[in-house]
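The values are calculated or read from the model by the stated rules, or taken from the named source; none is laboratory data. This one's a predicted model, so the numbers in the text were calculated from it and none came from an experiment. So basically every Cβ, Gly included, is an ideal-geometry build from the backbone, and we count neighbours across all protein chains shown.
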Amino acid sequence: METRPRVPFRRALIWAFVMIWGQRGVATLMTFILAALLGPDAFGLVALAMIYIALVQIFLEQGLSAAIIQRNDLQPEHLDSAFWINIALSAMLAAGTIVSSEWIARGNDMPELAPVLRALALLLLIKGLTVVQEAVLRRSLDFRTLAIRGNAGTVVGGIVGVAMALGGAGVWAMVAQQLVAAVVMLILLWSIAQWRPRFRFSGAHTRELVSFSIKVLFARIGTYLEGRIDALIVGPFFGPAAIGLLRLAERAIDTVAHMAAHPAALLSLPHLSRQQDDRQAARREISRCIEAATILTFPAMIFLAVVADDLMLVLGEEWVAAADPLRVFCIAGAARAITIVVGQALQAAGKPLLYAYLMWAITIASGIAFAIIAWQLRNEGLAAQIMGIAIWKAIITLVLVVPISLGMIRFVAGYSPLEAMRAMLPAFGTSAIVAAAGVGTLLILAETPWPAWLRLVILSAVMGGAFAASAAIVKPSLRRQLIDRLRKSDTPDLNGAESEPLAS
């Protein structure tokens with residue numbers, strides 16, 4: 001069953017970039033504005049609450065989204081059953097979050113966390129109404145609809161949040177930002193999407209989805225906790241200000257990695273799922289997805305490391321302590337481009353449990369390490385506390401996450417680390433040029449009395465230009481494809497044939 005025709009890969013990739021760059025770009029801009037207006041304490045409080053809400057949302061999806069996308073013989077009964085499961089589960093999880101909010105607040109020694117959690121529990125009810133609709137659109141590679149819906153909601157939510165912050169609403173400005181964005185996205189999704197649920201439920205079809213989705217759920221929880229276990233563990237030791245600094249640095253990394261690598265990752269699951277019976281074709285597609293993810297992510301992390309000081313100065317003096325940890329986080333952020341694609345490839349091959357074992361093992365090891373570090377640094381200054389966490393996270397990523405991830409994809413698809421390195425060569429080339437341009441410009445600007453925001457603008461322009469030029473040099477096929485696309489932009493695609501990704 002297909003609810004609508006699949007969109008050609010290249011067109012879907014472009015719309016995936018529009019969706020991710022628009023949604024995450026605007027959200028990050030608004031988040032930085034709110035961080036500057038509210039300070040580390042308020043920001044850290046809401047950031048911690050959102051970690052819990054996002055974790056519960058993973059349980060809400062149950063991996064059903066991935067099961068819908070990955071399944072070859074999808075039937076209407078699969079979708080209807082998944083929808084009603086999510087509706088019931090979202091109500092239970094929202095109620096559970098409200099009931100446990102006081103306990104969570106006491107566990108983190110932050111009584112003001114409880115009302116924030118209760119308000120954000122509404123996000124769970126909204127999520128229950130969107131999971132299946134989003135999965136249907138992703139399955140058909142209809143990222144245009146998802147882009148329109150996501151970008152509009154993010155803009156409206158951000159405007160409301162900033163307006164409330166300027167009006168003195170404090171932490172509730174960030175709460176309103178999340179809720180308004182979610183409501184707008186819900187309304188637009190149901191207005192634009194074609195699929196509608198029917199009042200029916202099939203136990204047999206549910207079991208078919210659950211058999212795959214439970215494994216994906218196990219993997220997603222491990223992946224999510226691996227990326228945020230530091231904030232969850234150190235909360236009782238460091239307090240909201242340290243969490244605010246830590247989460248802002250991590251948010252910058254998450255945003256850049258998400259905007260650079262996630263469009264390719266979003267397409268990799270539905271696209272690689274088509275190749276699950278052809279190992280050689282799957283290996284080619286994995287290389288293309290890794291190349292598409294890393295050629296943007298690696299230079300972006302270089303950029304973030306170079307501008308870290310000026311970026312934090314623009315937000316305010318109270319955020320400067322996050323600059324050095326941000327640079328260290330860039331190491332883990334660059335590696336994330338690889339692990340994101342590997343995780344999607346394992347799901348497409350029907351082996352999500354392997355990735356789950358990896359993520360859970362790393363999460364447990366990280367949690368123990370972070371608890372030890374947090375205890376040892378509990379009486380140190382904020383800068384020393386978050387730097388210790390950042391260094392350990394980088395070590396775990398380089399020593400454990402990347403090597404084992406590549407080993408798993410070699411076992412499942414026969415994809416060797418040498419092939420992965422070959423796919424990353426264009427990314428290494430562009431990164432070297434961007435780094436040289438950025439460091440050279442930074443040395444020149446260090447002798448000027450110009451304000452941080454002006455240096456940030458200049459560095460962005462210089463390094464952005466260096467990336468564009470280096471991509472054209474290192475990857476000539478990318479330049480040719482972009483030129484051809486501009487020439488043919490007014491010519492309709494009459495045959496709708498599949499095309500190669502832009503980075504191939």
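Here are the numbers:
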| read-out | value |
| --- | --- |
| Spans of helices (runs of 4 or more DSSP H) in segment 271-377 with at least 2 residues polar (S, T, N, Q) and touching a Lys or Arg at 6+ places or on another chain (Cβ under 9 Å) | 279-315 |
| Identity of the residue in segment 375-411, at pLDDT below 80 and of a type in the set (A, V, I, L, M), that ends up surrounded by the fewest Cβ atoms within 10 Å (Cβ to Cβ) | Ala383 |
| Lone qualifier among Thr206, Thr223 - being hydroxyl-bearing (Ser, Thr, Tyr), touching a residue at least 24 places away in the same chain (Cβ under 8 Å) and not assigned by TED's automatic domain parsing to the domain that holds Met359 | Thr206 |
| Number of the condition not met by Ala420 [criteria: (1) loosely packed, with under 15 Cβ neighbours inside 10 Å; (2) modelled with pLDDT under 90; (3) among the hydrophobic types (A, V, I, L, M, F, W, C); (4) closer than 21 Å to Thr297 by Cα] | (1) |
| Counted residues, segment 463-479 - those being modelled with pLDDT of 85 or more and over 26 Å from the mean Cα position of the chain (by Cα) | 1 |
| Criterion (part of a helix (DSSP H, G or I), closer than 30 Å to Gly316 by Cβ and among the hydroxyl-bearing types (Ser, Thr, Tyr)) met by exactly one of Thr430, Thr441, Thr448 | Thr441 |
| Subset of segment 329-361 (residues that are among the β-branched types (Val, Ile, Thr) and buried (at least 21 other Cβ atoms within 10 Å of the Cβ)) | Ile338, Thr339, Ile340, Val341, Val342 |
| Residue check for Ala27: at pLDDT below 75, under 28 Å from Ala300 (Cβ atoms), of a type outside the set (Phe, Trp, Tyr) and not assigned by TED's automatic domain parsing to the domain that holds Val234 | no |
| Residue check for Ser213: more than 28 Å from Ile340 (Cα to Cα), of a type in the set (Ser, Thr, Tyr) and either part of a helix (DSSP H, G or I) or under 19 Å from the mean Cα position of the chain (by Cα) (or both) | no |
| In segment 307-322, the residues that are of a type in the set (A, V, I, L, M, F, W, C) and modelled with pLDDT of 90 or more | Val307, Ala308 |
| Failed criterion for Gly414 (all others in (1) surrounded by fewer than 20 Cβ atoms within 10 Å (Cβ to Cβ); (2) on the phi < 0 side of the Ramachandran plot; (3) more than 26 Å from the chain's Cα centre (by Cα) hold) | (2) |
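Yes/no matrix, rows are residues, columns are (1) touching a strand residue (DSSP E or B) at 6+ places or on another chain (Cβ under 6 Å); (2) within 22 Å of Ile404 (Cα to Cα); (3) among the basic types (Lys, Arg):
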| site | (1), (2), (3) |
| --- | --- |
| Arg196 | no, no, yes |
| Phe199 | no, no, no |
| Arg207 | no, no, yes |
| Lys215 | no, yes, yes |
| Arg251 | no, no, yes |
